[in-house]
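J.: Take a look at the following structure, please.
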2 protein chains.
Amino acid sequence: MTQPQSVGVVEPQRMRFEAPLALKSGGQLDEYELVFETYGELNAERSNAVLVCHALSGSHHLAGHYADAPENKGWWDNLIGPGKPLDTRKFFVIGVNNLGGCYGSTGPASINPATGAAYGADFPFVTVEDWVDSQARLADRLGIKRFAAIVGGSLGGMQALSWTLRYPDRVGSAAVIAAAPKLSTENIAFNEVARQAILTDPEFHGGNFYAHGVVPERGLKLARMIGHITYLSDDAMATKFGRNLRHGKQVYSFDVEFEIESYLRYQGTKFAGYFDANTYLLTTKALDYFDPAFEYGGNLNTALANAQADFLVVSFSTDWRFPPERSREIVNALLHNRRNVSYAEVECAAGHDSFLLDDPQYHGVLSAWFDRI
Amino acid sequence: MTQPQSVGVVEPQRMRFEAPLALKSGGQLDEYELVFETYGELNAERSNAVLVCHALSGSHHLAGHYADAPENKGWWDNLIGPGKPLDTRKFFVIGVNNLGGCYGSTGPASINPATGAAYGADFPFVTVEDWVDSQARLADRLGIKRFAAIVGGSLGGMQALSWTLRYPDRVGSAAVIAAAPKLSTENIAFNEVARQAILTDPEFHGGNFYAHGVVPERGLKLARMIGHITYLSDDAMATKFGRNLRHGKQVYSFDVEFEIESYLRYQGTKFAGYFDANTYLLTTKALDYFDPAFEYGGNLNTALANAQADFLVVSFSTDWRFPPERSREIVNALLHNRRNVSYAEVECAAGHDSFLLDDPQYHGVLSAWFDRI
């Protein structure tokens, strides 16, 4: 057995689409670009492609690093590479930055050809289904009729699930990790607070902050701080930060006293320095809207009846954003339809963020599943 | 058995204290006023007084209503009154607005005698222990040497617990409801996001917004929205709001789409209209700081060794802010010290807010406990 390796130096690619994309909202994008990365080689039969869909703050940069930024490793670098669970010696792996994103694909900060200025508030609402459709067009252009597998965690898992419903004959296997068939009321509530933080930031300027040369940094920072609380488990936070005091005692100040405050502020400030506020808003709305059972009167069994893929569903014991029972809703609906589904409930202390870690049990499950494809 | 009744029309009272109060932070308040209400009659032996301590956004207005505002009932009106669990035919009940508050006791919006302007950012940090000390002085002035009982929910429960440690011979019985011996990391994290929302609001003006004729409404609104999510259970939110859409369909807008959004915005806006931002900041810090075991190296058993009161500890099954296991920490430490303690874990769907409701099992427990006093 060889040691797992990095895919090494990678380069993003870009593809332009000039046919309008009809969106679920009723609007359309007249033209757009997608930025993506690939690792490994597409085989002659074009049968070994694996699409990896990203979550809220993820991107197309799944693995490896750029020549000029060796420290900037892809967000799923621990999973993808030669000898890793998603083995690039066997599979041709594709990561795509979603439409509306802020990592190179057409999004709110892009120039709107109709006006010559940034889209800003005029960028249309995009949904999980729209992303899937745009990814399908990219697959067409790459000559991929059918994916060996489509994989994603959290919002990425929702895209994998949606793929099996919109293009059932184009997905061999689907891994739906740390996801849910729709957001709970509480999930929507947290998203709404995050959105209000951004929308009410005076520097948001109704979404057209680009023209003002500012960003709604306070709002984005708060949004990210709230997000981080929901990504971690209570236990993980307690283990990592406890009630540790920066100064060893209470100093009676609104500056950092407890280490958890320092962590959240740091994460929030860092995020606000690179992420686009409009992308954050649109992506939380895409999460809220995702509900494949909606058009079937809430019946998930009926909604998933068209899926043909073999499924892997994974949940994490301490994930309170999308707890195991939400994954089991998907599993039960698939079993109702007599689909081939494996389910793993992984004991991991790290909460929702577990799906990003290289927990041995978790990666063992994924390795075995990819080996069987 | 007579029907439970309201205490009827009530009037707040005010008492001025001119001896300086030394604060845990090292600072002091040279002089201050406390606003309070009382219901029932203090008996000749002065032995039937019950102090009720309030939580983050509560006040001294526990029961009844003001002559000019019949709809403004006290926040624990369902519990306190003739024939109610805390029966004002038997007990003399006292509610006090905490120092640093915004309902009449001296707080950040009060005039600082040293400057002639509002305290604002100069109001000192206050702690649970400081509140208890100020309440003890009020009891002195009312001629109450020993309380029959001290009762509180959430932050109010922490005050009841603190009373039994600071003034063990002045508390006959103590009810600590929906509380914890200290905040968890996650609790502090939520408080910190709420504080950052206020502190970074441009209209906060470093705490001296009074002079600018504005209030940091956006920040307070966000803080309250976050708070409300933690006060409710996931299930309670799902039952009450689900994924109900205001317009029956997705309308692709950042205006209210899901009913939960409407609820949170409404609650946030209402709160920002009457609550003081500095009081909110100070009160969340008092919550963070509360940790009676801190000076005993984290040993709660040692910390509670001085308590002499008979205890009732109550938790609620769906409270994820202060879950039942946090109450059991208090119970176990009291049992370790061979204290007389009753513990009730009430099945109630309403989350942390359960302590404010008239759930029959909960009120039954309280009725029986007060009957035995």
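Read the figures in this text as sums done on the coordinates, not as results from a lab. Here the structure is a predicted model, which means the values were calculated and not measured. Using ideal geometry, Cβ is built from the backbone for each residue, glycine included, and neighbour counts are taken over all protein chains shown.
J.: What does the structure give for A:190-203 when I average, per residue, the other chain Cβ atoms found within 10 Å of the residue Cβ?
T.: Taking the mean over all residues of the peptide, I get 6.
J.: Which of the residue pairs A:LYS249/B:LYS285; B:LYS84/B:LYS145; A:LYS24/A:LYS285; A:LYS24/A:LYS182 have a Cα-Cα distance greater than 22 Å in the structure shown? Working shown, then result.
T.: Values: A:LYS249/B:LYS285 14 Å; B:LYS84/B:LYS145 25 Å; A:LYS24/A:LYS285 13 Å; A:LYS24/A:LYS182 17 Å.
Cα-Cα > 22 Å for B:LYS84/B:LYS145; rest within.
J.: Just checking the output field for A:218-226: average partner chain Cβ neighbours within 10 Å of each residue's Cβ?
T.: For peptide A:218-226, the averaged partner shielding equals 5.
J.: Just to verify a number: FRET efficiency for A:SER253 and B:GLU31, C-beta to C-beta distance, R0 = 30 Å, to 0.05?
T.: That gives a FRET efficiency of 0.75.
J.: Rounded to the nearest 0.05, what FRET efficiency do A:ARG137 and A:GLU347 give with R0 = 35 Å and r taken as the Cβ-Cβ distance? Could you check?
T.: The pair A:ARG137/A:GLU347 has a calculated efficiency of 0.30.
J.: Right, another one. Considering every residue in A:256-264, what mean count of other chain Cβ atoms within 10 Å of its Cβ is obtained?
T.: 5
J.: Evaluate the Kirkwood expression for the hydrodynamic radius of segment B:254-363, namely the inverse of the mean inverse distance over all pairs of different C-alpha atoms, and round to one decimal in Å.
T.: Answer for segment B:254-363: a Kirkwood hydrodynamic radius of 16.9 Å.
J.: Calculate the translational D of chain A in whole µm² s⁻¹ from Stokes-Einstein, where the hydrodynamic radius comes from the Kirkwood formula applied to all Cα pairs, the temperature is 37 °C and the viscosity 0.692 mPa s.
T.: Values: Rh = 21.3 Å.
Once the numbers are plugged in, D ends up at 154 µm²/s.
J.: Convex hull volume of the Cα atoms in segment B:195-296, per residue, in Å³? Show your work: numbers first, answer last.
T.: Values: hull volume 13.7 nm³, N = 102.
Cα convex hull per residue, to the nearest whole number: 134 Å³.
J.: Ok, one more. For chain B, set up a Gaussian network in which alpha carbons nearer than 10 Å are linked by springs, and say which option among B:THR164, B:THR239, B:THR318 fluctuates the most.
T.: Maximum fluctuation in the GNM of chain B, among the listed residues, is at B:THR239.
J.: Also, I was wondering about something else. What translational diffusion coefficient, in µm²/s and rounded to a whole number, does the Stokes-Einstein relation yield for segment A:291-346 at 25 °C and a viscosity of 0.890 mPa s, taking the hydrodynamic radius as the Kirkwood radius over Cα pairs?
T.: Details: Rh = 11.7 Å.
Using the Kirkwood radius from Cα pairs, D works out to 210 µm²/s.
J.: In segment B:161-241, how does Rg compare with the Kirkwood Rh, expressed as the Rg/Rh ratio over alpha carbon atoms?
T.: Details: Rg = 17.8 Å, Rh = 15.7 Å.
Across segment B:161-241, the Cα-based Rg/Rh ratio is 1.13.
J.: Based only on Cα atoms, what Rg/Rh ratio does segment B:1-76 have, Rh being taken as Kirkwood's radius? Don't skip to the end; give the middle numbers.
T.: Working: Rg = 15.8 Å, Rh = 15.0 Å.
Over the Cα atoms of segment B:1-76, Rg/Rh equals 1.05.
J.: Can you tell me the order of A:91-102, B:11-22 when each peptide is scored by its average per-residue count of other Cβ atoms within 10 angstrom, highest first?
T.: Per-residue mean Cβ counts within 10 Å order the peptides as A:91-102, B:11-22.
J.: One decimal, nm, shortest first: give the distances between the label point of A:ASP169 and those of the same position in the other copies, each label point 7 Å from Cα along Cα→Cβ.
T.: Output for A:ASP169: 8.9 nm, nearest copy listed first.
J.: Sorted from shortest, what are the nm distances separating the label point of A:ARG146 from equivalent points in the other copies, each placed 7 Å from Cα along Cα to C-beta?
T.: Those separations, rounded to one decimal, come out as 8.4 nm.
J.: So how far apart, in nm, are the two label points at B:THR115 and B:ILE373 if each is 7 Å from Cα heading toward Cβ?
T.: 4.0 nm
J.: What ratio of Cα Rg to 2.2 N^0.38 Å holds for the protein assembly as shown?
T.: Normalised by 2.2 N^0.38 Å, the Cα Rg of the protein assembly as shown equals 1.05.
J.: Of the peptides B:252-259, A:335-342, how do they stack up when ordered by the mean number of other Cβ atoms within 10 Å, highest first?
T.: Output ranking for B:252-259, A:335-342: B:252-259, A:335-342.
J.: Find the centroid of the Cα atoms in segment B:8-53 and in segment A:306-349, then give the distance between the two in whole Å.
T.: Between the Cα centre of segment B:8-53 and that of segment A:306-349, the gap is 56 Å.
J.: In nm, to one decimal, how far is the B:LYS240 label point from the A:MET15 one, both placed 7 Å along Cα→Cβ?
T.: 4.8 nm
J.: Provide the per-residue ³J(HN,Hα) series for segment A:251-258, in order, calculated from phi with Karplus coefficients 6.51, -1.76, 1.60 and θ = phi - 60°, each as a whole number of Hz, with x at glycine and proline positions.
T.: 10, 6, 8, 8, 6, 4, 10, 8
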